[in-house]
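To keep things clear, I will list the structure first and then write my remarks on it.
The values are calculated or read from the model by the stated rules, or taken from the named source; none is laboratory data. Because the structure is a prediction, the values reported are computed rather than measured. Counting neighbours? That spans all protein chains shown, and the Cβs are built from the backbone with ideal geometry, glycine included. Heads up: the accessible areas ignore ligands, DNA and RNA and are worked out on the full protein's heavy atoms, side chains in. Shrake-Rupley method; radii C 1.70, N 1.55, O 1.52, S 1.80 Å.
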Amino acid sequence: MKNRRRTGFFLVVALLSAALTAEGHPPPQKILVAEGIYLFRTAPYGDVGLDGNSIVILTREGVLVFDSNGTPAAAAAVLAEIRRMTSQPVRYLVNSHWHWDHWYGAEVYKQAFPDIQIITQEKTRQMMMGPALEFNRPGIESDLPNYIASIEKRVAKDEATNPTPAELPKLKALLEEDRFFLEQKKNVHHTFANMTYLNEMNIYMGEREIQVLHYDRAVTPGDSFLYLPKEKILITGDLLVNPISYALSCYPSGWLKTLEKMDALDATIIVPGHGEVLHDKELLHVTMDVFRVLLRQGNSDKEKGLDPDQTRKLIMPGLHNLMVKVTHDDPG
């Protein structure tokens, strides 16, 4: 019976993976980071959603996954690829923080491996179980449905137009992507950590040592990242995004301290929370420098009684050279 249930689950995984392509949304792209370590990147969902990077670490004693995607379908596609690479079970899932694009696929791993250890920093679990759900509720219940309804009206109007606008096929494809994303979010079975830590947890599997670390509140109160000392690989979550890190109700001073601690690690490969793998620390250093300017001049201008808009006008010209380093002067 157990084998039958397991076979049935992986049939569901295969169907979900196929559904991604059937809906016009490709499965995640697999990128080799180092031997036995893979980055999975998922394309955005129309114009309403995106996925964080998911990282798979293979060992001879099992698999660790860092961040479980933003949708169950994407997580199912990653799991299907894990099954093609190894017969070892996924023993650990570490979710970096509470933003939904990094953990809404956790249910897929729990269903496949009931004994899996799902790990977050203790404050992240608290956020996931309450504030995060409330934060996301308006988007699921009203904002996304209302936006999709507006696209449906545009499609209906274009379909009634003679001749049919040339952009109609693109608009209809966008609508299907947006609908798919909303359905995924609406039907998530929120799956929380069954193991938490405060500052550090070391995991030893086979040939690998995997350090699960938290230094300070930064992007969120409980950001986790990984460091593999033998391989010199740093896996950052949203503490670093390539090319531009995203600040949502963040803690700038703690974020800078965390980046400085990360910089002190002897990493030669950095896997960010979004975007391509980095093979040097240039983006990390530039991001730290941006924070230093913002904190230094922001605090100074606050003491002078300036408001944020006045300070922004003063700070932005001085950030130009750092902005060019981050964006390579690409306006997009």
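When the chain is treated as a Gaussian network with alpha carbon springs shorter than 10 Å, the biggest mean-square fluctuation among 234, 213, 306 belongs to 306. Using a cut-off of 12 Å between beta-carbons, work out the net charge of the residues near residue 170 (Lys and Arg +1, Asp and Glu -1, residue 170 not included). Net charge in that neighbourhood comes out at -3. Carbon and sulfur together cover what percent of the accessible area of the chain at a 1.4 Å probe radius? Of the solvent-accessible surface of the chain, carbon and sulfur hold 53 percent.
Between 321, 199, 69, the residue with the greatest mean-square fluctuation in the GNM of the chain (Cα pairs under 10 Å linked by springs) is 321. Distance between the pseudo-spin-label points of residue 282 and residue 30 (7 Å out from Cα toward the beta carbon): 3.0 nm. Using alpha carbons only, how many angstrom separate the centre of region 228-245 from the centre of region 167-218? For region 228-245 versus region 167-218, the Cα centre distance is 16 Å.
For the chain, the per residue solvent-accessible surface stands at 49 Å², with DNA, RNA and ligands left out and a 1.4 Å probe. Placing unit charges on the Cβ atoms of the charged side chains and taking the dipole of region 151-252 about its Cα centre, the candidate lying farthest along the positive direction among 195, 234, 180 is 180. Label-to-label distance, residue 85 versus residue 264, with points set 7 angstrom from Cα along the beta-carbon direction: 3.1 nm. Normalised by residue count, the chain yields a Cα convex hull volume of 164 Å³ per residue.
Partner lysines whose Cα lies under 23 Å from the Cα of residue 325, excluding those fewer than 8 positions away in the same chain, are identified as 257, 261, 281, 313.
Counting only other residues whose beta carbon sits under 14 Å from that of residue 123, what net charge do I get with K and R as +1, D and E as -1? Once all neighbours under 14 Å are counted, the net charge is -1. Computed from the Kirkwood radius of its Cα pairs, the Stokes-Einstein diffusion coefficient for region 231-332 at 10 °C and 1.306 mPa s stands at 109 µm²/s.
Maximal additional length on extending the residue 316-residue 162 stretch stands at 50.6 nm, based on 0.36 nm per residue less the C-alpha distance. Note: relative contact order over the chain, using C-alpha pairs below 8 Å and six or more positions apart, is 14 percent.
The convex hull around the C-alpha trace of region 156-241, projected and averaged over every direction, spans 10.1 square nanometres.
Just to confirm the filter: which chymotrypsin sites (Phe, Trp or Tyr not before Pro) across region 241-332 are DSSP coil and have at most 13 other Cβ within 10 angstrom of their Cβ?
Values: sites: 246, 255, 291; in loops: 246.
Passing sites in region 241-332 are 246.
The relative contact order of region 262-323 comes to 25 percent, based on Cα pairs under 8 Å that sit 6 or more residues apart. Per-residue extension of 0.36 nm, minus the Cα-Cα distance of residue 183 and residue 202, leaves a gain of 3.2 nm for this segment.
In a fully extended conformation the segment linking residue 323 and residue 140 would gain 62.5 nm over its present Cα-Cα distance, using 0.36 nm per residue. To the nearest Å, what is the center-to-center distance of region 145-161 and region 49-126, using C-alpha atoms only? Rounded to whole Å, the Cα centres lie 36 Å apart. Its Cα gyration tensor gives region 41-161 an equivalent ellipsoid. The semi-axes, each the square root of 5 times an eigenvalue, are 32, 19, 10 Å from largest down.
Under 17 Å of direct C-alpha separation, and excluding same-chain neighbours fewer than eight residues apart, residue 157 reaches these aspartates and glutamates: 167, 176.
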